[in-house]
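Everything below concerns the one structure shown next.
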Amino acid sequence: MKTYLKRILNARVYDVAVETPLELAPNLSARIGNKVLFKREDMQPVFSFKLRGAYNKMAQLTREQLKRGVIAASAGNHAQGVALSAAKLGCKAVIVMPTTTPQLKIDAVKHFGGKAVEIVLHGGSYSDAYAHALELEKKLKLTFVHPFDDPDVIAGQGTIGMEILRQHTQPIHAIFCAIGGGGLIAGVAAYVKEVRPEIKIIGVQTSDSDAMYRSLKAKRRVTLHDVGLFSDGTAVKLVGEETFRVCRKYVDEVILVDTDAVCAAIKDVFQDTRSILEPAGALAVAGAKQYAQREKLKGETLIPIACGANMNFDRLRFVAERAEIGEKREAILAVTIPETPGSFRKFCSLLGNRNITEFNYRYADPKAAQVFVGVQVKDQSETAKLVATLEKSKLNTLDLTDNEMAKLHLRHLVGGHAPDVKDEIMFRFEFPERPGALMNFLNSMNHNWNISLFHYRNHGADYGRVLVGMQVPHHDKKALKTFLDTLGYPYWDESANPAYRLFLG
């Protein structure tokens, strides 16, 4: 491995790459009780570390090879590195990308490579694109620039490890690296373990794209049948032969994290840096948090490599939805309450001062009501206490926090027609999004009116939006007007709305 040490020390990356900062994450550090330093590879010109390996490989090519051109297969970030390197070195580049690649990354490749780059979309994963690129390599007589399984590429990524040790000379407990094909962790491990062998090198993968985890466990390379695409930058079915060899020798372990944990990590980085990482870029942060909790670490220095920020904007809605659950700061519960006036209000009072993040309910049975509710909590133990409190008050409660179907689909489907509901009117309300606003609304209501539908979801806006169905007899219309006028919240009568009549009325 001394050859890697020499390769890394002599790597040609700084013609295009920059030495990225090692940045303290004060909020995350305080919360987990350890010093967390982000290695900000998201600050590279192409917003990921991949530029280092791509350029180092291409800078080693002969004039003849550069004249013929290069070809690469990539889910996006390596493609941008090759594109920028091709523009810098003045050579042609053909880049094969999976059809699942976010448009943001395709557009970025065009931007960085300009006229020098030709993009070919092929297959549903990196492995499919890779196989097609190998065919084109022979057909067009181009030089293949592998995204991870090449000594020059590995050495280029290894300069990250070199920078970390130069930037932080104090003790480091562990460095965390996202793993797709293994180029990043192989390069970092090859350098760090030679210079500071006491530092742990820990890989992080998603539980649905865990090729390196399975390969190290089996002591041979394992090919996955399918890979999850949320973290598209690490969606690799088969790790590299050389990266696997290096990882077997130097990597201490590989941690698996789920999608919710990655979403929570994206939020953590945003809160400390105001930068938004892509899922693959936040993997190392999620792994560091999980490792610290598992090992009950306190006062140690942990360095996750924030390796990419090519986030597809359309994914932010999903990330925001799942981040609180990933941090175990939102409990999702199904609660059964008596279908009687006032029971809804009593249920809300049992939730106490906790912030309600979601409320879904539709009348379905004359005796019992099923409520789908999201509540902000400090941790899992508080969820358990809340469930116990509700059960003690004879409200059957089911914890759905880890129920994937409930989180993805059920929350959007609670409702439907209620033919037995008489005198139902439908109102939409807006109120300032602050603690107590929901209880203020319920306290202002006439307790004799039965709530037949309730839908609320906290979207982080200044104003909360609630859809409420109430059974108000005709002789109570005057009392209803008094309630609406004294409430002080903007409201709209939706009783004649065709969407309500079609799906809910």
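The values are calculated or read from the model by the stated rules, or taken from the named source; none is laboratory data. Everything quoted here is computed from the prediction, not taken from an experiment. All Cβ positions, glycine included, derive from the backbone under ideal geometry; neighbour counts span all protein chains shown.
Figures for the structure shown
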{"read-out": "Test for residue 214: is it without any contact (Cβ under 8 Å) to a residue 12 or more places away in the chain, part of a loop (DSSP other than H, G, I, E, B), over 22 Å from residue 22 (Cα atoms) and assigned by TED's automatic domain parsing to the domain that holds residue 18", "value": "no"}
{"read-out": "For residue 422: the one exception among (1) within 27 Å of residue 265 (Cα to Cα); (2) exposed (fewer than 13 other Cβ atoms within 10 Å of the Cβ); (3) touching a strand residue (DSSP E or B) at 6+ places or on another chain (Cβ under 7 Å)", "value": "(1)"}
{"read-out": "Identity of the residue in segment 448-505, among the small types (Gly, Ala, Ser) and closer than 15 Å to residue 362 by Cβ, that ends up modelled with the lowest pLDDT", "value": "505"}
{"read-out": "Residue list for segment 214-235, filter: among the hydroxyl-bearing types (Ser, Thr, Tyr) and surrounded by fewer than 24 Cβ atoms within 10 Å (Cβ to Cβ)", "value": "215, 223"}
{"read-out": "Condition check for residue 182: of a type in the set (Gly, Ala, Ser) and either within 27 Å of the chain's Cα centre (by Cα) or not assigned by TED's automatic domain parsing to the domain that holds residue 69 (or both)", "value": "yes"}
{"read-out": "Residue check, residue 204 crowded, with 24+ Cβ neighbours inside 10 Å, in contact (Cβ under 8 Å) with a residue 60 or more places away in the chain, in contact with a helix residue (DSSP H, G or I) (Cβ under 6 Å, 6 or more places away or on another chain) and closer than 17 Å to residue 100 by Cα", "value": "no"}
{"read-out": "Members of segment 105-141 that are over 19 Å from residue 236 (Cα atoms) and either among the basic types (Lys, Arg) or in the same structural domain as residue 228 (by TED's automatic domain parsing) (or both)", "value": "110, 115, 138, 139, 141"}
{"read-out": "Qualifying residue in segment 130-138 (condition: closer than 18 Å to residue 37 by Cα and crowded, with 24+ Cβ neighbours inside 10 Å)", "value": "no"}
{"read-out": "Condition met for residue 107 (more than 20 Å from residue 92 (Cα to Cα), out of contact with any helix residue (DSSP H, G or I) (no Cβ under 6 Å at 6 or more places or on another chain) and either among the hydrophobic types (A, V, I, L, M, F, W, C) or at pLDDT below 95 (or both))", "value": "no"}
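Listed here are the residues, each with its yes/no results for (1) surrounded by 20 or more Cβ atoms within 10 Å (Cβ to Cβ); (2) of a type outside the set (Ser, Thr, Tyr); (3) at pLDDT 95 or above.
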site	(1), (2), (3)
124	no, yes, no
128	no, yes, no
154	yes, yes, yes
159	yes, no, yes
167	no, yes, yes
183	yes, yes, yes
190	yes, yes, yes
208	no, yes, no
212	yes, yes, yes
